[in-house]
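**Q** The structure that follows is given in the form of structure tokens.
Bear in mind that the values in this text are calculations on the coordinates, not laboratory data. In this text, all values refer to a predicted model and were calculated from it rather than measured experimentally. Here the Cβ positions follow ideal geometry from the backbone for every residue, glycine too, while neighbour counts run over all protein chains shown.
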Amino acid sequence: MHEDLEQDEQPGIEYRKERIRIETERHRIEGVLTLARDGYRSRVSDVLNASEREFLTLTEVTVAPLAGGPVELHPYLMMARRHIVFAVAAAKET
């Protein structure tokens, strides 16, 4: 089902996936962002700063309340960019 949810994927364009961590006022969200392999929108900052996009879509998502509480797991999450307070590439698992 994730194949149907890939944002703006077009035939002939190569993509890569990067795990990012986002904080809102109330949650820490970690998930996978699909990026172009090279060129336009190949950086996380390109996607976060794209003025024509109001929403950001992540897959393989964990949502943790900053105040504590249970962590939620979701196959995908769409969020309004205006709620993002902080975003960073997540540490790679070794």
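**Q** Over region 14-89, what is the mean sequence separation of C-alpha contacts under 8 Å (at least six apart), divided by residue count, expressed as relative contact order in percent? Walk me through the numbers before you get to the answer.
**A** On the way: 148 pairs, mean separation 26.8, N = 76.
With pairs under 8 Å counted, the relative contact order is 35 percent.
**Q** By the gyration tensor of its Cα atoms, with a ≥ b ≥ c the square roots of the eigenvalues, what is the shape of region 14-89: rounded for a/c under 1.5, prolate for a/b over b/c, or oblate?
**A** The shape class here is prolate.
**Q** For the pair Ala89 and Ser45, how long in nm is the line joining their label points, each one 7 Å along Cα→Cβ?
**A** About 1.2 nm separates the two model spin labels.
**Q** Please arrange Asp46, Asp38 by counting, for each residue, the other beta carbons lying within 10 Å of its beta carbon, fewest first.
**A** Fewest to most other Cβ atoms nearby, the residues stand as Asp38, Asp46.
**Q** Using the number of other C-beta atoms within 10 angstrom as an exposure proxy, rank Ser42, Ser51 with the fewest first.
**A** So the ranking, lowest neighbour count to highest, is Ser51, Ser42.
**Q** May I pose another question? So how do Leu58, Leu35, Leu66 line up by other beta-carbon neighbours within 10 Å, fewest first? Walk me through the numbers on the way to the answer.
**A** Numbers: Leu58 22, Leu35 18, Leu66 11.
Ranked by crowding around the Cβ, least crowded first: Leu66, Leu35, Leu58.
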